[in-house]
Amino acid sequence: MAQTTPDLTRTAIERLVRESIYKQLGKSAPAAASQAPNPLVVNVSARHCHLSPEAVEKLFGPGHQLTPMKWLYQEGQYAAQESVTLVGPRSRVISNLRILGPCRPLNQVELSFTDAIALGYDIPVRQSGNIEGTPGCMLMGPKGFLELDKGVIRAAPHVHMAPEDAAHYGVKQGDFMKMRVGGELGMTFDKIFVRVDKSFKLEVHIDTDEGNACRLGPDSQVELIK
């Protein structure tokens with residue numbers, strides 16, 4: 001009777017692929033990463049906005065719904081086909097500001113520090129959803145415009161993780177971790193905010209300025225530290 005090999009889980013396959021890549025690069029995988037229940041992904045978030053259903057209708061017309069263009073790493077999240085024009089202080093403009101879906105209860109614009117300087121903003125670093133006391137802007141769409149009195153932020157670096165990841169790293173919702181990035185411009189981020197939910201995949205979000213500062217790339221060796 002022929003022997004059968006048990007099917008490898010996706011996590012096991014990803015671990016083997018990750019170890020193979022590190023081996024080809026002549027590097028050893030971080031111990032914490034090789035033992036973790038899920039692979040760590042680090043993505044750079046370019047400037048974008050989140051809008052309420054009412055805001056979408058005001059900008060794109062009654063009954064309009066966002067159309068997914070590209071699905072993101074987190075389940076159910078996507079970059080929409082729709083984009084808007086942002087008008088900031090002194091009428092400085094960013095065109096083609098991508099909308100991320102699905103819609104949320106509040107309107108929020110996330111920019112890098114470089115974006116803010118170009119627009120003439122002094123924006124605070126905030127956790128998503130914490131928009132009280134932040135600057136506003138005007139958003140223009142094909143069917144109308146929307147004036148926001150608040151909601152423009154620089155998103156704080158953060159990590160999404162499932163409960164099993166939180167248990168592995170010994171952290172909980174609202175904690176902070178460090179993230180060490182290797183390479184020519186290696187550095188350590190000291191305040192990575194922890195978000196825990198059973199629907200989350202293990203993923204760190206940093207903005208374009210932060211990604212460029214550490215020269216993050218596909219072969220970057222990255223490690224989360226409690």
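Points worth noting:
- Selection count where residues are part of a loop (DSSP other than H, G, I, E, B), at pLDDT below 95 and surrounded by fewer than 16 Cβ atoms within 10 Å (Cβ to Cβ), scope segment 66-90: 0
- Enumeration of residues in segment 43-65 that are open to solvent by 30 Å² or more (accessible area, probe 1.4 Å) and under 27 Å from V181 (Cβ atoms): N43, V44, S45, A46, R47
- Residue match in segment 91-110 (condition: modelled with pLDDT under 90 and either open to solvent by less than 60 Å² (accessible area, probe 1.4 Å) or out of contact with any Pro (no Cβ under 7 Å at 6 or more places or on another chain) (or both)): yes
- Scope segment 91-117; condition in a strand (DSSP E or B) and among the charged types (D, E, K, R); matching residues: R98, E110
- Sub-6 Å Cβ pairs linking a first residue in segment 132-143 that is over 22 Å from A155 (Cβ atoms) to a second residue that is of a type in the set (A, V, I, L, M) and open to solvent by less than 20 Å² (accessible area, probe 1.4 Å), at least 6 apart or interchain, are G141/L59; G141/V84, ordered by first then second residue.
The values are calculated or read from the model by the stated rules, or taken from the named source; none is laboratory data. Small disclaimer: the values here were computed from a predicted structure and weren't measured. Cβ coordinates were reconstructed from backbone atoms using ideal geometry, including for glycine residues, and neighbour counts include every protein chain displayed. Ligands, DNA and RNA are excluded from the accessible area calculation, which covers all protein heavy atoms including side chains. Shrake-Rupley method; radii C 1.70, N 1.55, O 1.52, S 1.80 Å.
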